[in-house]
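*Asks:* Below: one structure in structure tokens.
Coordinate-derived values only; no laboratory data. Note that this is a predicted model, so its numbers are computed, not measured. Quick reminder, even Gly has a Cβ in these numbers, built from the backbone with ideal geometry, and neighbours come from all protein chains shown.
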Amino acid sequence: MIEIKNLCKRYGKSAGIEDVTLTAEPGKVTAFLGPNGAGKSTTFRLLLGLDREDSGSALIEGKPYRDFASPLWTIGAQFDGSGAHKGRTARAHLTWMAQSNGIPTSRIPEVLELVGLKDAAGKRVGKFSLGMGQRLGIAAALLGDPRIVVLDEPTNGLDPDGIRWIRMLLRSLAEAGKTVLLSSHLINEVEHMADHVVVISQGHIVRSGSVPDLVAGYPDLESAYFGLTGNPALDSAS
């Protein structure tokens, strides 16, 4: 379970996020939805120990990410694409991650096949397409078969078949009892994946609930998104 309570982070005189509270539960896909620059990445950075909060808390099964000695067994994260050095092969990237967390290397071909990169195991990441990089990042997140999976814009760079694949993957993870938290800026994507949606705009949580609850009273999904965020411009490119 992920519990984020009253989380705040300021950068100089400007607030990155302020009083962000959300919960992601086992057996559900929770979507963190908002336009680019709303505070989604800042929240994920704090959750994953990449930055320190000014106040509030971001806990994974009751403790901060930095307190896990081998975090990949508990929480797997895909953040900012693949996260791999361009000169490394997909297999080499996953190998050092497995070794650093005591994960058997026999898991590597399993996750590569799961994400559709079995035939690209020996290919250098610098030659990957954007979509292949996303798949490698997801493979890394699943390497330790963690109970919690956090994905940052997982559909970015995927073609229509890839988007259908990620929808089925996320649903299967939730059905297996895992906690799934993903970020997105496209409401029409999360409506097909998420059980629960938390909407952030300009660093503040503005709404939360199921997709039908959030769009109630709006003629279409796009107007609902604008209405929920109060943001007049939706950037459709990540």
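*Asks:* Based only on Cα atoms, what Rg/Rh ratio does the stretch 32-73 have, Rh being taken as Kirkwood's radius? Could the numbers behind the result be given before it?
*Replies:* Working: Rg = 11.4 Å, Rh = 11.3 Å.
Reported Rg/Rh (Cα atoms, Kirkwood Rh): 1.01.
*Asks:* If Lys and Arg each add +1 and Asp and Glu each add -1, what is the summed charge of the other residues whose beta carbon sits under 12 Å from the beta carbon of L221?
*Replies:* Cβ neighbours under 12 Å give a net charge of -4.
*Asks:* Here's something else I'd like to know. Kirkwood hydrodynamic radius, computed over distinct alpha-carbon pairs, for the stretch 69-114: how many Å, to one decimal?
*Replies:* 11.3 Å
*Asks:* Sum up the charges of everything whose Cβ sits under 11 Å from the Cβ of T21, counting Lys and Arg as +1 and Asp and Glu as -1, but leave T21 out.
*Replies:* Its environment carries a net charge of -2.
*Asks:* In debye, nearest 20: dipole of the stretch 136-226 around its Cα centre with unit charges on the Cβ of K, R (+) and D, E (-)?
*Replies:* On the way: 6 positive and 12 negative charges, 58 e Å.
Once rounded to the nearest 20, the dipole reads 280 debye.
*Asks:* Which of [x] -0.45; [y] -0.39; [z] -0.53 is the computed log10 I(q)/I(0) by the Debye sum over Cα atoms at q = 0.10 Å⁻¹ for the structure on display?
*Replies:* From the options [x] -0.45; [y] -0.39; [z] -0.53, the structure gives [x].
*Asks:* Using the Kirkwood radius over Cα pairs, work out the Stokes-Einstein diffusion coefficient for the stretch 85-146 at 4 °C and 1.567 mPa s, in µm²/s as a whole number. Can you show the working numbers first?
*Replies:* Details: Rh = 11.2 Å.
Estimated diffusion coefficient is 116 µm²/s.
*Asks:* How do T21, T43, T89 line up, fewest other C-beta atoms within 10 Å first?
*Replies:* Listing T21, T43, T89 from fewest to most nearby Cβ atoms yields T21, T89, T43.
*Asks:* Let me ask another. Which links in K5/K40; K28/K118; K40/K86; K28/K63; K40/K178 stretch past 18 Å when you go from one Cα to the other?
*Replies:* K28/K118; K40/K86; K28/K63; K40/K178
*Asks:* For the stretch 85-146, with only Lys/Arg (+1) and Asp/Glu (-1) charged at the beta-carbon, what is the dipole magnitude about the Cα centre, in debye rounded to 20?
*Replies:* Dipole size: approximately 360 debye.
*Asks:* Would you mind computing the Rg to Rh ratio of the stretch 61-167 from its alpha-carbon coordinates, Kirkwood style for Rh?
*Replies:* 0.95
*Asks:* Where the only charges are on Cβ atoms (+1 Lys, Arg; -1 Asp, Glu), what is the dipole of the chain about its Cα centre, to the nearest 20 debye?
*Replies:* Numbers: 25 positive and 26 negative charges, 190 e Å.
Computed charge dipole of the chain: roughly 920 debye.
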